[in-house]
Amino acid sequence: MISQAPKPLAGTYILVCQARRAGFVSAGGLGRLSVPQGYFLYVGSALGPGGLRARLAHHTRPAPKPHWHIDYLRTVAPLRRIWFCYGQERREHDWASALHQLRGASIPFPGFGSSDCGCAAHLFFFEKCPTQSAFDAALRESGPDRPRIFCFDPERRTYRL
């Protein structure tokens, strides 16, 4: 394990959040959402200034003024892990497709996180958390261009391959 924050480079990420109990959250234009107990995996990209370091720093802190749908959800489903890769390529749509193919995946809130694209959602629900290796395998099936994926632990502030 390496004890440092992600680099300020562009990239794609998955936030692994866990709701330990069912609840409700108001999520901007999506309205009041019933949140079941389980795991929520959210796909995003950080292609702008500050890259992954800036975007993931935002996601690891409580959002005083929620900006994205995921900011609302994180109030009832805290962040547990972040899977990410570096690169300028816009991979979030392929990653969303790979997550959706994993066993047990469902779309809890259609349109969540995907209001700016044609994807059904960028948020997926699992009763049992999928492994990073299962996600890697789903990406391998979609093509040979698979980047090196890191796993960041926001509580320990460490990451690994």
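Taking 120, 98, 57 as the candidate residues, the one with maximal mean-square fluctuation in a Gaussian network model of the chain, Cα springs under 10 Å, is 57.
Under the simplified labelling scheme, the residue 155-residue 34 pair shows an inter-label distance of 3.0 nm, with each label point 7 Å from Cα along Cα→Cβ. Only Cα pairs under 8 Å and 6+ residues apart enter the sum, and on that basis the relative contact order of region 61-161 stands at 31 percent.
Charges at C-beta only: +1 for Lys and Arg, -1 for Asp and Glu. How large is the resulting dipole of region 1-156 about its Cα centre, in Debye rounded to 20? List each step's numbers first, then the result.
Details: 19 positive and 11 negative charges, 95 e Å.
Dipole size: approximately 460 debye.
With kT/(6 pi eta Rh) evaluated at 4 °C and eta = 1.567 mPa s, and Rh the Kirkwood radius from Cα pairs, the chain diffuses with a coefficient of 82 µm²/s according to Stokes-Einstein. When the chain is treated as a Gaussian network with alpha carbon springs shorter than 10 Å, the biggest mean-square fluctuation among 33, 15, 47 belongs to 33. Residue by residue, region 41-47 carries 3J(HN,Hα) couplings of 10, 10, 9, x, 10, 10, 9 Hz when phi is fed to the Karplus relation 6.51 cos²θ - 1.76 cosθ + 1.60 (θ = phi - 60°); x denotes Gly or Pro. For region 1-110, the set of trypsin sites (Lys or Arg not before Pro) satisfying both a DSSP loop assignment and a count of at most 13 other C-beta atoms within 10 Å is given as 20, 21, 90, 103. Using a simple spin-label model with pseudo-atoms 7 Å out from Cα toward Cβ, residue 9 and residue 63 lie 2.7 nm apart.
Every read-out reported here was derived from the displayed coordinates using simple, explicitly stated rules and does not represent laboratory data. Since this is a predicted model, take the numbers as computed values, not measurements. No Cβ is skipped: glycine too gets one built from the backbone with ideal geometry, and neighbour counts run over all protein chains shown.
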